[in-house]
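Student: Supplied in structure tokens, the structure appears directly below.
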Amino acid sequence: MAEYTSLEKIRLAKIEALRAAGIEPFPHRAERTHTSTQAIASFEKAEKEAGQAAPAEMKATLAGRLRAVRPMGKVTFAHIEDGDGRIQLFLRANDIGEDKLELFNRTFDLGDFIQAAGFIFRTRTGEVTLHVQDFRMLSKAVSPLPAAKDEATSDGQVIRHAALEDPELRARQRYADLAVNPEVRQVFRRRAAIIRALRQFLDERGFLEVETPILQPIYGGAAAKPFVTHHNQLKQDLYLRISFELYLKRLLVGNLERVYEMGRDFRNEGVSYKHNPEFTQLEFYWAYADYLQVMELTEQMVAYVAEKVLGTLRVTYQGHELDFTPPWRRLEMRQGLKETTGIDIAAHPTAESLFEALKKTGKMPDPRATRGKLIDFMLSEFLEPTLIQPTFLYNYPRDISPLAKSKPGDPLTVERFEAYVAGFELCNAFTELNDPLDQESRFLEMGRDYAAEDEEKHPMDDDYLRAMRYGMPPNGGFGMGVDRLAMLLTDKHSIRDVLLFPHLRETKEN
RNA sequence: GGGCGCGUAGCUCAAUGGUAGAGCACUGGCCUUUUAAGCCAUUGGUUGAGAGUUCGAGCCUCUCCGCGCUCACCA
């Protein structure tokens, strides 16, 4: 049972009062002829056409949420906000009667959804306003919105004098955040536009969008701990997928040459400003292409999205001026590490030798790490933070890339790249391993490397190997965190700001 | 998981260890073109939860809860 605050009790009493007066505070149907923006635009157009003469009377029925009320005796001004903007209402006792104005002033509150009909005019101070001839309640708000006061100037600007700012409340009650902070609605409109543009780009190039299982008997395709669930009737444990990779590549075996999927991945790991337990991933696989072709497609795709969504390839992100114009900088990992650490990884073919070299840098890596893990450590410790402008880092160590194809003549290195922007990883791609015998031995190797830590052990996927034995075309594969792209294109520091309902710890009330 | 910080009215924020306050919102009154409308009068609190020190705790100590930053983890 809800516990009501004193403010809520007052509003509940108003609901009773409305019903007692024969007015339903939650009617079934509503009417509307214009949105606020449409009403203002068509009135201004009519004004322009009329020139010096007064424009013909323009009737309108509007609907929206009450965001400001200024009662002045026998006249009340109010603002309603709808999906695309705000408009002022003018209620006068002469037009609607003193009783109805009294009803409005006594029982209508900020946050209520209302409908108002009348004609559009301009007030003395010049604001386009609905002169209300009739109005009704559409939905009574029991709880006041957690909003401070806004100032609406006559030229349509809204000045925020205080706002809902508590990041926890904003994330837990995103509905309230959206209702009182219009710029949040813009972030999620832009996110939708990003996702739409990604689909368009891939669709136009002959990629087929597919859907593969989220509940998987064997998880794979990434090194992450999975969420475990259980099917009761089948008495079977299932994992929420940590990547789409192994299923999408099965489709290449089935002669689908270009496939992609955009959807949710789940990783049972730490939560941070760039990690959420569930996140949106885009993966595509492209038969007869290699990682260099994927690299080109990647920079084109991101540039396409930025152009579509923002109309520019130059983006301000957390104070950095980023330029997504292709071609992006290409930096071989070995070269990048040599420049930032002075260590040439090619001169250290074993973990022991690389560890000794790293000790001299003053940063201490995990002494049990494999060579690949040590290189990964060097990457995140020294190189990653320097990669602000979009950069392709390519040629990765083999032992942290069990699904990527080796570089010809270099058994320690695979054909893999990651794109870094603003110091964090945006995407990951490689020339996919399609030799079933090599793949099997890589799985076995991983099993050995991770044997100590059971949860991270990469399970052998026999069905995947069976598929590959039928023959998999050479191909390039790609994966990107869509939330991270959304962060870049909305200038948000935290992944929580681009997720409508980010994961938060349970509270006692819940 | 570690370190640092934060949590006070519906919202935004004050308050030397000494009676918990302001603005907005709310409630009542005046006001027929206002723009955070204005003026007058009110109301509103288990200071995140619990324990301790003290004559006295929003403030000091401890435990717990939540959030933020950061480190670790993270193909």
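Student: Tell me, in nm to one decimal, what length is gained between residue A:72 and residue A:175 on full extension, where the rule is 0.36 nm per residue of separation less the Cα-Cα distance?
Tutor: 33.9 nm
Student: Relative contact order of the range A:6-163, please, whole-number percent, based on alpha carbon pairs below 8 angstrom and at least 6 residues apart.
Tutor: Across the range A:6-163, relative contact order equals 24 percent.
Student: Given a 1.4 angstrom probe, I'd like the percentage of the accessible area of the range A:122-276 that is carbon and sulfur, rounded to a whole number.
Tutor: Values: 4020 of 8140 Å².
Roughly 49 percent of what the probe reaches on the range A:122-276 is carbon or sulfur.
Student: Plugging the Kirkwood radius over Cα pairs into Stokes-Einstein for the range A:6-163, at a temperature of 10 °C and a viscosity of 1.306 mPa s, what D comes out in µm²/s?
Tutor: Numbers: Rh = 16.3 Å.
Estimated diffusion coefficient is 98 µm²/s.
Student: Now, a different point. Against the longest principal axis of chain A, how steep is helix A:291-310, in degrees 0 to 90 to the nearest 10, with axes from Cα atoms?
Tutor: Tilt relative to chain A: about 10 degrees.
Student: Would you calculate, for chain A, the mean residue ellipticity at 222 nm contributed by helices, counting each DSSP H stretch of 4 or more residues as -39,500 (n - 2.57) and dividing by all residues, to the nearest 500?
Tutor: Numbers: 15 runs with 166 residues, N = 510.
Result for chain A, helices only: -10000 deg cm²/dmol.
Student: Sticking with this structure for a sec: Work from the charge dipole of chain A (Cβ charges, +1 for Lys and Arg, -1 for Asp and Glu, about the Cα centre) and give the residue of A:201, A:315, A:35 farthest towards its positive end.
Tutor: Of the listed residues, the answer is A:35.
Student: To continue, here is another question. Taking 7 Å along the Cα-to-C-beta vector as the label spot, tell me the residue A:236-residue A:41 distance in nanometres, rounded to one decimal.
Tutor: For the pair residue A:236/residue A:41, the computed spacing is 5.2 nm.
Student: Nearest 10 degrees, 0 to 90: what angle lies between the long axis of helix A:6-20 and the longest principal axis of chain A (Cα atoms)?
Tutor: The helix A:6-20 is inclined about 50 degrees to chain A.
Student: Can you compute the label reach from residue A:93? Point 7 Å from Cα along the Cβ direction, backbone N cut-off under 19 Å, restricted to the range A:109-152.
Tutor: Only A:132-135 fall inside the zone, counting backbone N under 19 Å.
Student: GluC sites (Glu not before Pro) within the range A:1-108: which are DSSP loop residues with at most 14 other Cβ atoms inside 10 Å? Don't skip to the end; give the middle numbers.
Tutor: Working: sites: A:3, A:8, A:16, A:31, A:44, A:47, A:49, A:57, A:81, A:98, A:102; in loops: A:3, A:31, A:57.
Listed in order of number, the matching sites are A:3, A:31, A:57.
Student: Please work out the FRET efficiency for the pair residue A:209 and residue A:325, using the Cβ-Cβ distance as r and a Förster radius of 35 Å; give the result to the nearest 0.05.
Tutor: 0.80
Student: Which loop-located GluC sites (Glu not before Pro) does the range A:200-246 contain, where loop means any DSSP state but H, G, I, E or B and the Cβ has at most 13 other Cβ atoms within 10 Å?
Tutor: A:211
Student: Relative contact order (percent) for chain A, with alpha-carbon contacts under 8 angstrom and 6 or more residues of separation?
Tutor: Here the relative contact order equals 11 percent.
Student: Taking the convex hull of the Cα atoms, report for chain A its projected area averaged over all directions, in nm².
Tutor: The directionally averaged projection comes out at 31.7 nm².
Student: Find how much the distance from residue A:501 to residue A:125 grows on full extension, using 0.36 nm per residue of separation minus their present alpha carbon separation; answer in nm with one decimal. Walk me through the numbers on the way to the answer.
Tutor: On the way: separation 376, 0.36 × 376 = 135.36 nm, distance 4.13 nm.
The residue A:501-residue A:125 span can extend by a further 131.2 nm.
Student: Using only C-alpha atoms and all pairs of different ones, pull out the Kirkwood radius for the range A:254-394 in Å with one decimal.
Tutor: It works out to 18.1 Å.
Student: What GluC sites (Glu not before Pro) does the range A:127-166 have in DSSP loop regions with at most 12 other beta carbons within 10 Å?
Tutor: A:165
Student: Report the label-to-label distance for residue A:183 and residue A:368 in nanometres (one decimal), using points 7 Å from each Cα along the Cα→Cβ vector.
Tutor: 4.6 nm
The values are calculated or read from the model by the stated rules, or taken from the named source; none is laboratory data. Keep in mind the model is a prediction, meaning the values are calculated, not measured. No Cβ is skipped: glycine too gets one built from the backbone with ideal geometry, and neighbour counts run over all protein chains shown. We work out accessible area using only protein heavy atoms, side chains counted, and drop any ligands, DNA or RNA first. Shrake-Rupley method; radii C 1.70, N 1.55, O 1.52, S 1.80 Å.
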